[in-house]
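The values are calculated or read from the model by the stated rules, or taken from the named source; none is laboratory data. Please read all numbers here as calculations on a predicted model, not as lab measurements. We place every Cβ from the backbone using ideal geometry, glycine too, and count neighbours over all the protein chains shown. In case anyone asks, the SASA skips ligands and DNA or RNA and just uses the protein heavy atoms, side chains included. Shrake-Rupley method; radii C 1.70, N 1.55, O 1.52, S 1.80 Å.
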Amino acid sequence: AVARISPSPGAPFGAEHIVQAGGSFADVDLSPNGNGYVVAESSNDVFAERLDGTTWTEVAAAGALDSDPTQEAGGGNRQVRVAASTDGAGGAMAWGEILPTPGDGEDVFVRRLTGTGAGSAHGTRLPLGSLPNTVAGSGKTADQPAVSMDGAGTIWVVFRQNFTYGAT
């Protein structure tokens, strides 16, 4: 996954910046001042970089931002998404990830981004069978995340979660 910046309308694009080697499913969101974030997936992990002016910096220099780096994150219906705050100094990222216990399914996770730091990963999946009239063990798959951030810094995450109502 690579990025190139054009500093103004009609200006040529600058040099390539590698966001993530082997990266795919990239997403970007910038504030009106041009600062923000890009996210990408690589080798079943999710990564983020912050753009400040024309300078790219890896978020949480430790590398992958998965909830559990031993599990498959991103890809398919679990693609990573990003939203920047109105000033571009913060943001949020959301992605789907397979849970570590076999048979537990998948969850959608979200992390708050502040500058080049990343907060804790929080799962968003509703408890299994929690919707009225659903089969008790259903709801194991949560995926297809979308994320946004309002002007007050509230993070909004929407996702799909499969519940069974007598039939799939």
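Odds and ends about this structure:
- Shape summary of the range 36-106, radius of gyration then Dmax from alpha carbon positions: 13.1, 45 Å.
- Accessible area of residue 135 in the full protein assembly, 1.4 Å probe (Å², nearest 10): 70
- Accessible-area rank, largest first, for 24, 31: 24, 31, with all protein chains present and a 1.4 angstrom probe.
- For residue 16, solvent-accessible area (1.4 Å; no DNA, RNA or ligand), Å²: 120
- Accessible area ranking (1.4 Å probe, heavy atoms, ligands and nucleic acids excluded), largest first, for 17, 122: 122, 17.
- Neighbourhood charge, 14 Å Cβ-Cβ cut-off, centred on residue 131 and excluding it, Lys, Arg +1 and Asp, Glu -1: +3
- Expected-Rg normalisation [2.2 N^0.38 Å, Cα atoms] applied to the chain: 1.11
- Amide H contacts for residue 90 (H built 1.01 Å from N in the peptide plane; partners 5 or more residues away or on another chain; cut-off under 5 Å): 85, 115.
- For residue 18, solvent-accessible area (1.4 Å; no DNA, RNA or ligand), Å²: 110
- Binning all Cα-Cα separations of the range 92-139 at 10 Å, short to long from zero, yields these whole-percent fractions: 24, 40, 26, 9, 1.
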